[in-house]
Amino acid sequence: MKRRDMLKLTLAATAAGIATAAHAQQACPTDGTPAQFTPKKPADAKPLENELGKYPKCPYCGMDRSEHHRARMLVQYSDDLVDGVCSIHCLSLSLGVNIDREPKNIWGPDYGATAEPRPLVPVEQLTYLIGADLKHAMTKRSKHSFASKEVAEQFRQKHGGEFGDFNEALKQSYLDMAADVAQIRKNREERRKKAMEQKRG
């Protein structure tokens, strides 16, 4: 190939690359920056109002928050952007990727309440029962929250576990992350295989 032709190809490839990059930047201007993890809903000064209607799905795993109302959580950052998540597992993801965004309010469910859905309570008012034999969303080792320490004690006597505050429950969520993610991947792969088998048969 002649040197002049090679130069033309190089220039054409460069132009195509620039155009592709410009298109990608236009489509997703925050990709490649911490802002790509910014909560996608508009700023919300009153996130508790109709929270399941405004935040029906967890943005990190896609789970239905109404279905998992006993484990769901809500975080409002200082700029009033909000993440409605299914569990403390996914809350830990939100807090981790929004490292430059300061949480203003975090709410968790009162697992011991009888109302449906479970009411959300500021996490500083909650007692966490960690490691009880109670099912939990997105984690094998449950971390359920209670507004009443007395009710939490009743569950502890029946289901085991250890008490902790929100910070301890969050710490344990990070420590459990690797094992939980591996289990979630395994569960989802098994569901995909089962769905394919049902489709074939």
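Laboratory data are not the source of any read-out in this text; all were calculated from the coordinates shown. These numbers come from a predicted model, not from an experiment. In this analysis, Cβ positions are derived from the backbone assuming ideal geometry, glycine residues included, and neighbour counts consider all displayed protein chains.
Values computed for the structure shown
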| read-out | value |
| --- | --- |
| Interchain or long-range residues, amide H under 5 Å from K104's placed H | Q76, Y77, S78 |
| Protection proxy ranking, peptides 134-140, 87-93, 194-200, 178-184, average beta carbon neighbours within 10 Å, highest first | 87-93, 134-140, 178-184, 194-200 |
| Inter-probe distance in nm under a simple model that places probes 7 Å from Cα toward Cβ, at K46 and K104 | 1.4 nm |
| Gyration tensor over alpha-carbon atoms, segment 36-194, equivalent ellipsoid semi-axes in Å | 23, 20, 15 |
| Two-site label geometry, I184 and Q157: point separation in nm, points 7 Å out along Cα→Cβ | 3.5 nm |
| Distance violations [Cα-Cα > 21 Å] among K46/K140; K54/K149; K57/K135; K41/K171; K135/K158; K41/K186 | K46/K140; K54/K149; K41/K171; K41/K186 |
| Ordering of 115-128, 46-59 by burial proxy (mean other Cβ atoms within 10 Å per residue, highest first) | 115-128, 46-59 |
| Rounded to whole Hz, the Karplus (6.51, -1.76, 1.60) HN-Hα couplings of segment 167-175, x for glycine and proline | 4, 5, 5, 5, 4, 5, 5, 5, 5 |
| Overall Cα dimensions of segment 97-188, principal axis frame, Å, largest first | 34, 31, 24 |
| Amide H contacts of M63 (H built 1.01 Å from N, under 5 Å, at least 5 apart or other chain) | C58 |
